[in-house]
Each structure stands twice: as structure tokens, then as C-alpha cells.
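Since the structure comes first, as C-alpha cells, the remarks are kept for the end.
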Amino acid sequence: AGEAGEGKGEASKMDMGALKKALRGSDPPSDESSDYAFWSSQPVPSMSDNDLGPDDPRGPIVPSDVSAVEQEALKLPAGFEWCSIQLGDEAELSELYTLLKENYVEDAQALFRFDYSRPFLRWAMMPPGYKPVWHVGVRVSTSRKLVAFVGATPAGLCVHGDAIKGVEVNFLCVHKKLRSKRLAPVLIREVTRRCNLEGIFQASYTAGVVIPKPVGHCQYWHRSLNPKKLIEVGFSGLGARSTMSMMVKMLKLPDAPLTPGFRAMRPEDVPACCAMLNEHLKRFKYYQVFDEAEFAHWLLPKEGVVYSYVVETNGTPTDMVSYYNLPSSVLGNEKHPTLFAAYSYYTVAKKTKLEDLMRDAMIAAAQNDFDVFNALDLQDNSTVLRELKFGIGDGKLQYYLYNWRCPPMRSEEVGLILL
């Protein structure tokens, strides 16, 4: 990443895009290694396949046939066994939290590691219709220690106008000491088998690495809310012609949101906001379709997890904006043990300008003591990021579909936001 210069906002020294791709063992196996053989055995396009055109046939790569699915779980290396993680159980939730906290994504310099909270994991993995059997764990047979995990959650998707009943796959994680056991491909195949048994044959997922074969990619952008802290922990750097006081002044936000009628979303807003979001997402080529129960789960504010706001005009919500909380542990830093990051989530700007909505979200995040506001250049975001003093990050987030062939898409055509 570059330096923060005058009028350029802030570019980070280490950004969350780079963080997401730094730890190969927590991403799907990469085609840059011997794991390419794994992806060649899966129903995904190969890297050498020509991109589909808009008039080429779209759809499943292999047919959906529940009767052909293996009934027995895949074989694990000796000394390990499968389990389904019960996230409603505090002890099992804590086991997953510890596994991810100690072994999930960190940057190459070992400065930062994602720190998903326990309430966040329940929010992310227990939406309406979730199935505990899709929360796939691997334990050591003797000690019962949880050493690997992958999760899937149900999602109605729309891709190039085609409705897909699928899942979103996330939190693929293998204990650092077991990376040589090649458990990641087995985890992927096992969660696939369990979904197939329920009649689900398509999946959506993202990764920081390129594997066969992305349908799109998006760029991370970052906006400092607490520039002094970000520089002190090594997340950001000062430009050659900049001082700390200049940086703080340039990035200072108003003390309170500016848009009249801007307030936290409430349960009674769900019907109008759900309809508003679904209508908005129809403009894009890859998105999730929400019913009201799903919308309430994903978007109603949950303290410390997800923050959502509306603009109310004459008693009716006319716009919405949201972000979620994903902190990182700052490794070896006693002064600042945690970096508090807000991630832009779903935003619909109808009567309020997108720039104003995003600014008010950042102001609200600063009021909630977040240090940085992150966003992808999907949907309409790229039209306002520079104006809002975001800096472009190093990493790209690749978007994938399992067992579905379709044309690729540009970042502004992506509507789906995965955690």
C-alpha cells in the first residue's frame, strides 16, 4: 500500500484484504500448490476455461442427485473424528472461538489476527434455517480437542437473474500444528456432502487467494477513524509531507450524524427496509434475497456485532446503512491489544445521497469507538470512497460459486456481502 498523501485519504501499510489472504491454511487450498489437484476434482470451472459470455448457458456443472450422495462421512486421518458444533452450547461456542482466535487469519508480519467474538459467531452461523450438522468440526479422538472447522449457512442467492437455493461457506480453519495433515480439502468435501444430503448443491464463498475460478473480485478500502492509534499499531503510515496533527485534522469527522431523521433501525422498520433492500439488490448480478426473518436476523442492531441505521422521513424509513464489528488482536502490543474495525455492510440510498449515508455511518462508528472503517468497492461504493477519504488497500477479495457456471462480473456488479 502507499502512503497517505494530501487529498488522497489514507492507505494502510497492512490492510484487511492482505490479512484475509495472508494465512493460506485458513483459505481454501490454492491452485498455486499441489492442492490444485483438489480443485480439479471439484465441480468448479478450471482456470484455463474460457469465460462465459452473456448468451452462453448458465447453471449447475454437475446435476443435483441426492440419491447419489455418500451416506457415510469421509475418512479422516487416524486419531481424528468428525463432530457437529452446537453453537447454542456455551462450552462448544467457546471451543470454536478459541480455535479461530488462535489459528484463523493473521497477516504475514504477525501483527494482527482476526478476533471474532462469541456473539458474532452465533450471529454469523445461526441465521433462520441454520443446521448444526453444517457446523463441521474435527476433534482429536483422545483429548476431544477441537482442531478444525468449516461452517455453512443457508442463503437464497440470485446470480445473473437465476435463483439458487444455496449455502454460504465460511470459517474454514485448521489448527496451525496440523496444516501438514491436509485437513482443509477433507473439510470442504465433508461440508459439501452434508449440504448435498439436504438437497443443496451450490455454495457461495470468498477467499483472499485465487483458486479455480473467481466469478468476480472486489478491492478493500480503509478509512481511518483513529489515525494516531492506527499508526502506533503499524496499520497505517504517515505520508512523506504529513505530520500526525495534519493527518488527524484531515480525517476529522463531525461529532454527530448530519442527516435529519438518522436513527438506529428498529424492529418495526423490518418490513419496509427488507423490501427496500431486496429491490435495491436487483440492480446487481450476484446477491442474496432476504425474507423478513432473515433480514431481522442479519440487520437488526445487535450491540457489539452489527449496527444498522435508517433515515426516517415523515414516519417512514427511506434509506438504510449498516456495518458490522470485526476486531483484530494486535499481537504483542500492550498499549493497544485490539484494533476495532467496522466493516461496511448493506446500504440503500434512495432519498439521501450515498456519500452522506456512508459519512453518517462512519460518524456513528467513531462514536462507538471504532478505529477504522473498511469497505469493499462493490455495489455503488466505488463512487464515494475517494471523496470520503478512504485509502485503497493491498488485497482483493475473490468471489466464488461452487457447482455453478456463469459469466464473470465486475466489482460494481457484485451485491453479495459475506462476513
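Things worth noting here:
- Top-ranked residue in region 199-247 [being surrounded by fewer than 16 Cβ atoms within 10 Å (Cβ to Cβ) and among the charged types (D, E, K, R); ranked as farthest from the chain's Cα centre (by Cα)]: ARG241
Conditions tested, residue by residue: (1) within 27 Å of ASN170 (Cα to Cα); (2) part of a helix (DSSP H, G or I).
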residue: GLU355; (1), (2): no, yes
residue: ALA361; (1), (2): yes, yes
residue: ALA365; (1), (2): yes, yes
residue: ALA375; (1), (2): yes, no
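- Checking GLY332 against (1) open to solvent by 20 Å² or more (accessible area, probe 1.4 Å); (2) within 30 Å of LEU230 (Cα to Cα); (3) in a strand (DSSP E or B), the condition it does not meet: (3)
- All of ALA110, ALA91, ALA148, ALA73 fail the test of being in a loop (DSSP other than H, G, I, E, B), open to solvent by less than 80 Å² (accessible area, probe 1.4 Å) and within 26 Å of PRO337 (Cα to Cα), apart from ALA110.
- Residue under evaluation GLY59, criteria (1) open to solvent by 70 Å² or more (accessible area, probe 1.4 Å); (2) more than 12 Å from ARG193 (Cα to Cα), criterion not met: (1)
Residue-by-condition table, conditions (1) in contact with a strand residue (DSSP E or B) (Cβ under 6 Å, 6 or more places away or on another chain); (2) of a type in the set (Val, Ile, Thr):
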| residue | (1), (2) |
| --- | --- |
| VAL138 | yes, yes |
| LYS145 | no, no |
| ALA155 | yes, no |
| LYS176 | no, no |
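- Scope region 294-325; condition open to solvent by 20 Å² or more (accessible area, probe 1.4 Å), aromatic (Phe, Trp, Tyr) and more than 15 Å from LYS350 (Cβ to Cβ); matching residues: TYR307
- One residue from VAL138, VAL169, VAL174 being within 21 Å of GLU92 (Cβ to Cβ), among the aliphatic types (A, V, I, L, M) and over 20 Å from the mean Cα position of the chain (by Cα): VAL138
- Scan of region 200-243 for residues that are under 20 Å from ASN333 (Cα atoms) and part of a strand (DSSP E or B), ordered by number: SER224, SER236
The values are calculated or read from the model by the stated rules, or taken from the named source; none is laboratory data. What you see is a predicted model; the values in this text were computed from it and never measured. All Cβ positions, glycine included, derive from the backbone under ideal geometry; neighbour counts span all protein chains shown. For accessibility, only protein heavy atoms count, side chains too; no ligands or nucleic acids. Shrake-Rupley method; radii C 1.70, N 1.55, O 1.52, S 1.80 Å.
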